[in-house]
Amino acid sequence: MKKVITVFVLIFTVSFAAQAQDKMTKGAPAKKITLEQTKGEFTQKQLTVSEGTYIFEIDNNNVGHNVGFVLVKKGQELSNPENHIKTAYVTAAVENNTTGHSNPTTLTKGEYIYFCPLNPTSTDNTLIVK
């Protein structure tokens, strides 16, 4: 009797784990957008991506101090934090010569402006979502 219960528990556990994995993979995983900052600028001035969910990975390439990341829908006031897409903020300031990341951020069709107020970078950097 003990062997039968052990086999049942093992089969149930494997089946349950497989179902949980299926649920996690049904929604498309977030893709990654990597952007590099050097002193006073992003090295990528314009990017084009498709609609979807993205994690922004921000490389601080010897800027000499912490950097951040701000994303705003084009046409909105950049200096107003209410217009910032807060999920795109890095989860912590990115220290010199390290990489930080944002939370998953869903992007819909349109144009966005990205910049770093800590570096500070140009506000001419454009992300186009098709």
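The values are calculated or read from the model by the stated rules, or taken from the named source; none is laboratory data. Everything quoted here is computed from the prediction, not taken from an experiment. Heads up, the Cβs are rebuilt from the backbone with ideal geometry, glycines too, and the neighbour counts pull from every protein chain shown.
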(message) Checking the structure you have, find out if any residue of the stretch 74-94 is in contact with a helix residue (DSSP H, G or I) (Cβ under 8 Å, 6 or more places away or on another chain) and not aromatic (Phe, Trp, Tyr).
(response) yes
Within the stretch 99-130, residues being in a loop (DSSP other than H, G, I, E, B), over 21 Å from Gly64 (Cα atoms) and either in contact with a Pro (Cβ under 6 Å, 6 or more places away or on another chain) or not charged (D, E, K, R) (or both) number 3
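Looking at Thr48, Thr53, which one is β-branched (Val, Ile, Thr) and over 15 Å from Leu35 (Cβ atoms)?
Numbers: Thr48 fails: over 15 Å from Leu35 (Cβ atoms).
Matching residue, one of Thr48, Thr53: Thr53.
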Considering only the stretch 43-66, I want to know if a residue exists there that is among the small types (Gly, Ala, Ser), farther than 17 Å from Val129 by Cβ, out of contact with any Pro (no Cβ under 7 Å at 6 or more places or on another chain) and at pLDDT 95 or above.
yes
Selection from the stretch 30-46 of residues of a type in the set (Asp, Glu) and crowded, with 17+ Cβ neighbours inside 10 Å yields Glu41
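Being in contact (Cβ under 8 Å) with a residue 12 or more places away in the chain, of a type outside the set (Asp, Glu) and assigned to a loop (DSSP other than H, G, I, E, B) is the filter here; which residues of the stretch 89-98 pass it?
Filtering the stretch 89-98 for residues in contact (Cβ under 8 Å) with a residue 12 or more places away in the chain gives 89-91, 93-98.
So of that shortlist, the ones also of a type outside the set (Asp, Glu) come out as 89-91, 93-94, 96-98.
Result: Tyr89, Thr91, Ala93, Asn96, Asn97, Thr98.
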Output for Cβ contacts, cut-off 8 Å, separation at least six or different chains, first residue more than 15 Å from Asp124 (Cβ to Cβ) in the stretch 67-88, second of a type in the set (Phe, Trp, Tyr) and in a loop (DSSP other than H, G, I, E, B), reads Gly68/Tyr89; Phe69/Tyr89; Ala88/Phe69
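Can you pull out the residues in the stretch 73-88 that are part of a loop (DSSP other than H, G, I, E, B) and closer than 18 Å to Lys32 by Cα? It would help to see each step written out before you state the result.
Start the filter on the stretch 73-88 by keeping residues that are part of a loop (DSSP other than H, G, I, E, B), which leaves 74-80, 85.
Once the filter is applied, which keeps residues that are part of a loop (DSSP other than H, G, I, E, B) and closer than 18 Å to Lys32 by Cα, the stretch 73-88 yields only Ile85.
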Per the filter on the stretch 47-84, residues of a type in the set (Ser, Thr, Tyr) and surrounded by 14 or more Cβ atoms within 10 Å (Cβ to Cβ) are Thr53, Tyr54
